[in-house]
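Each remark here refers to the structure printed beneath this line.
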């Protein structure tokens with residue numbers, strides 16, 4: 001497997017080269033000391049696998065991956081276990097904690113052999129993109145702007161009860177029972193809003209901080225009762241019930 005090592009620490013690069021040198025599986029074709037170099041060398045060489053540090057100058061490992069057009073197999077090598085090791089496991093992406101141990105690397109090599117034999121990295125790449133999105137920092141927002149006649153109003157997030165799509169339109173509903181037309185799709189709002197806003201169906205996103213109660217409904221669904229002036233009721237979708245239950249720790 002054509003391999004590139006990307007790390008800003010020369011000692012870490014050296015150790016990894018020595019450990020990988022015991023295997024015939026890897027041809028180390030290049031090295032990079034930061035994310036920018038890594039980006040350029042991956043696009044040029046199109047390697048089979050990269051060993052990638054996360055915290056590096058110029059751009060992090062995640063930022064580098066997000067810019068790639070060609071996606072190789074990725075093994076993260078990091079000293080920072082706060083980077084949600086569970087997330088790496090759940091997304092079927094391997095990781096090595098520094099200092100890298102030979103017996104742990106052996107397991108990584110076995111995994112890479114199996115993945116390489118499959119001749120396709122589609123599922124691996126899909127998992128990797130999900131992981132990148134998970135760690136991509138979200139811009140903090142405090143309000144949503146809407147038009148009201150000739151005015152543009154800025155509605156604070158804590159005054160928004162829920163969003164609901166009707167046909168091609170998405171309406172924002174406030175705690176005071178007012179409704180405003182937005183310029184966003186439900187999917188765009190799901191990406192833009194903070195974590196307390198939860199998508200409970202294909203057409204609805206609710207402010208979980210304003211949920212008054214949940215009532216069991218038909219076919220495993222729930223009715224979400226909101227703590228707003230209208231005591232609004234939103235029906236959950238069958239595929240979103242688990243998401244809501246997990247959030248509310250039911």
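Every number in this text was worked out from the coordinates using simple rules, so none of it is lab data. Worth saying up front: this structure is predicted, and the values here are computed from it rather than measured. Note that each Cβ is placed from the backbone with ideal geometry, even for glycine, and that neighbours are counted across all protein chains shown.
Helix 35-45 axis versus longest C-alpha principal axis of the chain: approximately 70°, rounded to the nearest ten.
Shape annotation for the chain: C-alpha extents along the principal axes are 68, 43, 30 Å, from largest to smallest. Look at the Cα gyration tensor of the range 143-247: its axes a ≥ b ≥ c give a/c of at least 1.5 with a/b over b/c, and that counts as prolate. Going by alpha carbons, how many degrees (0 to 90, nearest 10) lie between the helix axis of 10-20 and the longest principal axis of the chain? Helix 10-20 sits at roughly 70 degrees to that axis. Largest GNM mean-square fluctuation across 31, 101, 63, computed for the chain with C-alpha springs under 10 Å, falls on 101.
With R₀ set to 30 Å, the beta-carbon distance separating residue 183 from residue 140 gives a calculated FRET efficiency near 0.90.
The distance separating the Cα centre of the range 167-210 from that of the range 27-62 comes to 39 Å.
Full extension of the segment from residue 24 to residue 150, taken as 0.36 nm per residue of separation minus the current Cα-Cα distance, would add 38.4 nm. In this simple spin-label approximation, residue 219 and residue 239 carry label points 7 Å from Cα along the Cα→Cβ vector, and these lie 1.3 nm apart.
Rounded if a/c is under 1.5, else prolate if a/b beats b/c, else oblate: with a ≥ b ≥ c from the C-alpha gyration tensor eigenvalues square-rooted, which is the range 181-240? Taking the square roots of the gyration eigenvalues as a ≥ b ≥ c, the range 181-240 is oblate. The residue 43 and residue 230 beta-carbon pair, evaluated with R₀ = 41 Å, returns a calculated FRET efficiency of approximately 0.15.
Over the residues of the chain, the helix contribution to mean residue ellipticity at 222 nm works out to -9000 deg cm²/dmol, using -39500 (n - 2.57) for each DSSP H run of at least 4.
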